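Colleague: Here it is, the structure, as structure tokens.
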Amino acid sequence: MSTTPAWTKEKPTALLVLADGTVIEGKGIGATGRTQAEVCFNTALTGYEEILTDPSYLGQIVTFTFPHIGNIGTNNEDIEDLTPAARHGAVGVIFKADITDPSNYRSLQHLDAWLKARGIIGMCGIDTRALTAWIRENGAPNAVIAHDPVGVFDIETLKKEAAAWSGLVGLDLAKVATSGQTSTWDEKPWVWNEGYSTLGASDARYHVVCLDYGVKRNILRLFAGLDCKVTVMPARTTAEDVLAHKPDGIFLSNGPGDPAATGEYAVPEIRKLIETGIPVFGICLGHQMLGLALGAKTEKMHQGHHGANHPVKDHTTGKVEIVSMNHGFAVDSKSLPVGVEETHVSLFDGSNCGLRMVGKPVFSVQHHPEASPGPQDSHYLFRRFLNLIKERNGEPALAER
């Protein structure tokens with residue numbers, strides 16, 4: 001007869017150890033092992049595959065505030081990183097509930113198997129509301145997430161590793177997230193029950209060069225959907241090499257890490273590109289580094305903005321749009337120099353979400369207009385960029401909406 005009490009607690013197979021020594025126990029999912037990263041929370045109810053493959057999340061552990069993640073499984077169409085073999089994206093994930101079996105006609109693989117294949121360490125079975133509240137009060141912490149199916153952990157070592165991690169400040173992660181080679185993109189946006197189509201060579205009316213700091217696929221798709229051939233170039237590409245492709249427009253992509261660190265090599269090249277008069281458009285990290293190139297400053301945020309339900313006001317039109325966000329750094333609006341205007345602002349905390357140069361075809365936004373939470377509230381920004389190209393070419397403009 002067993003002497004083990006029925007109420008004996010199940011042994012934890014995953015731990016989240018914060019830099020202050022806090023230990024949170026849970027059930028391990030996904031890959032095994034351990035990794036150091038910053039813990040953030042994401043308030044989106046959908047799009048977990050896109051979120052976890054967004055290169056902007058490199059160096060982060062994503063806590064989902066929505067309790068049920070994994071219900072629709074995973075597929076090969078919703079991946080956002082440009083080089084999935086390198087698996088750029090979140091390094092860890094935290095859910096409240098266990099992953100259920102998928103129930104969706106597009107599903108090809110269970111989320112747990114997908115996490116294992118991508119090397120993402122995860123845990124579930126914890127109070128994600130309490131963790132989210134802790135982050136809101138104390139800021140995004142450095143931590144170690146560990147998964148061992150047997151449940152054997154050296155907690156003191158994990159505490160030391162969490163406390164020793166340098167964090168995202170001063171960290172150039174774009175050099176890791178960039179595809180690292182020049183390539184051409186021609187895939188157009190997804191159409192329900194049809195999938196993706198490609199832009200024919202004869203249909204490409206404009207040429208956009210994308211400086212890839214960790215670009216998302218759907219950004220490139222939206223350019224292709226506007227008849228733009230896109231040449232994707234590595235993060236360290238010089239202005240001279242960009243201009244050798246004779247672009248109609250230049251795009252500064254999203255990406256992970258500290259913009260000031262990446263800006264050490266990127267900002268001087270961005271300044272040269274601005275001087276040419278060719279239209280420039282930036283998103284997220286590209287926005288932050290454009291701000292640095294124009295003389296503004298960036299700052300680390302308390303908890304960052306991560307989710308698909310953020311209200312942002314466009315001062316140009318006076319309209320409010322619901323946007324997707326993923327950033328832990330922001331441009332300090334108080335540091336914007338003369339000749340640079342704030343175009344968008346977060347209605348959650350008043351932080352800067354967009355800027356433009358007065359009298360020049362240069363602008364950027366902090367949020368992700370390609371992510372479609374509105375669902376297409378912000379797609380006008382791509383048409384706004386295209387109109388700058390058309391204006392430079394003496395062509396009639398498109399309607400933004």
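The values are calculated or read from the model by the stated rules, or taken from the named source; none is laboratory data. Just so we're clear, the structure is a prediction, and the values are computed from it rather than from any experiment. Note that each Cβ is placed from the backbone with ideal geometry, even for glycine, and that neighbours are counted across all protein chains shown.
Colleague: Pick from 205, 136, 129, 118: which is basic (Lys, Arg) and either free of Cβ contacts under 8 Å to residues at least 60 places away in the same chain or touching a Ser or Thr at 6+ places or on another chain (Cβ under 7 Å) (or both)?
Modeller: Numbers: 136 fails: either free of Cβ contacts under 8 Å to residues at least 60 places away in the same chain or touching a Ser or Thr at 6+ places or on another chain (Cβ under 7 Å) (or both); 129 fails: either free of Cβ contacts under 8 Å to residues at least 60 places away in the same chain or touching a Ser or Thr at 6+ places or on another chain (Cβ under 7 Å) (or both); 118 fails: either free of Cβ contacts under 8 Å to residues at least 60 places away in the same chain or touching a Ser or Thr at 6+ places or on another chain (Cβ under 7 Å) (or both).
The match here is 205.
Colleague: Considering only residues that are over 18 Å from residue 389 (Cα atoms), more than 18 Å from the chain's Cα centre (by Cα) and in a loop (DSSP other than H, G, I, E, B), which ones fall in segment 200-227?
Modeller: Answer for segment 200-227, where residues must be over 18 Å from residue 389 (Cα atoms), more than 18 Å from the chain's Cα centre (by Cα) and in a loop (DSSP other than H, G, I, E, B): just 200.
Colleague: Follow-up. Among the residues of segment 60-69, what is the count of those that are surrounded by 24 or more Cβ atoms within 10 Å (Cβ to Cβ) and not in a strand (DSSP E or B)?
Modeller: Total meeting the criteria: 1.
Colleague: Looking at segment 365-372, is at least one residue surrounded by fewer than 21 Cβ atoms within 10 Å (Cβ to Cβ) and either farther than 28 Å from residue 309 by Cβ or at pLDDT below 95 (or both)?
Modeller: Applying the first criterion (surrounded by fewer than 21 Cβ atoms within 10 Å (Cβ to Cβ)) to segment 365-372 yields 372.
The next check asks that each one be either farther than 28 Å from residue 309 by Cβ or at pLDDT below 95 (or both); those that pass are 372.
The answer is yes, given that some residue of segment 365-372 is surrounded by fewer than 21 Cβ atoms within 10 Å (Cβ to Cβ) and either farther than 28 Å from residue 309 by Cβ or at pLDDT below 95 (or both).
Colleague: Same structure again: Might you let me know whether segment 324-340 holds any residue that is surrounded by fewer than 21 Cβ atoms within 10 Å (Cβ to Cβ) and of a type in the set (Asp, Glu)?
Modeller: yes
Colleague: Another one. How many residues are part of a loop (DSSP other than H, G, I, E, B) and surrounded by fewer than 20 Cβ atoms within 10 Å (Cβ to Cβ) when one looks only at segment 267-295?
Modeller: Keep residues of segment 267-295 that are part of a loop (DSSP other than H, G, I, E, B), which gives 276-279, 284, 294-295.
Narrowing the set further to residues that are surrounded by fewer than 20 Cβ atoms within 10 Å (Cβ to Cβ) leaves 276-277, 295.
Within segment 267-295, residues that are part of a loop (DSSP other than H, G, I, E, B) and surrounded by fewer than 20 Cβ atoms within 10 Å (Cβ to Cβ) number 3.
Colleague: Out of curiosity, is residue 140 touching an Asp or Glu at 6+ places or on another chain (Cβ under 6 Å), assigned by TED's automatic domain parsing to the domain that holds residue 22 and at negative phi? I'd like the intermediate steps shown before the answer.
Modeller: On the way: touching an Asp or Glu at 6+ places or on another chain (Cβ under 6 Å): yes; assigned by TED's automatic domain parsing to the domain that holds residue 22: yes; at negative phi: yes.
It is true that residue 140 is touching an Asp or Glu at 6+ places or on another chain (Cβ under 6 Å), assigned by TED's automatic domain parsing to the domain that holds residue 22 and at negative phi.
Colleague: May I pose another question? Based on this model, can you work out whether residue 53 counts as of a type in the set (S, T, N, Q), surrounded by 18 or more Cβ atoms within 10 Å (Cβ to Cβ), out of contact with any Phe, Trp or Tyr (no Cβ under 9 Å at 6 or more places or on another chain) and over 20 Å from residue 324 (Cα atoms)? Before you say what the answer is, go through the steps one by one.
Modeller: Details: of a type in the set (S, T, N, Q): yes; surrounded by 18 or more Cβ atoms within 10 Å (Cβ to Cβ): yes; out of contact with any Phe, Trp or Tyr (no Cβ under 9 Å at 6 or more places or on another chain): yes; over 20 Å from residue 324 (Cα atoms): no.
The answer is no for residue 53.
Colleague: Among the residues of segment 252-266, what is the count of those that are within 20 Å of the chain's Cα centre (by Cα) and assigned to a helix (DSSP H, G or I)?
Modeller: Let us first name the residues in segment 252-266 that are within 20 Å of the chain's Cα centre (by Cα), namely 252-263, 266.
Narrowing the set further to residues that are assigned to a helix (DSSP H, G or I) leaves 259-263, 266.
Looking only at that region, the number is 6.
Colleague: If you go through segment 228-248 one residue at a time, how many are small (Gly, Ala, Ser) and under 21 Å from the mean Cα position of the chain (by Cα)? Spell out the reasoning first.
Modeller: Filtering segment 228-248 down to residues small (Gly, Ala, Ser) leaves 235, 239, 244.
From the residues that got through so far, the ones that are under 21 Å from the mean Cα position of the chain (by Cα) too are 235.
Result for segment 228-248: 1.
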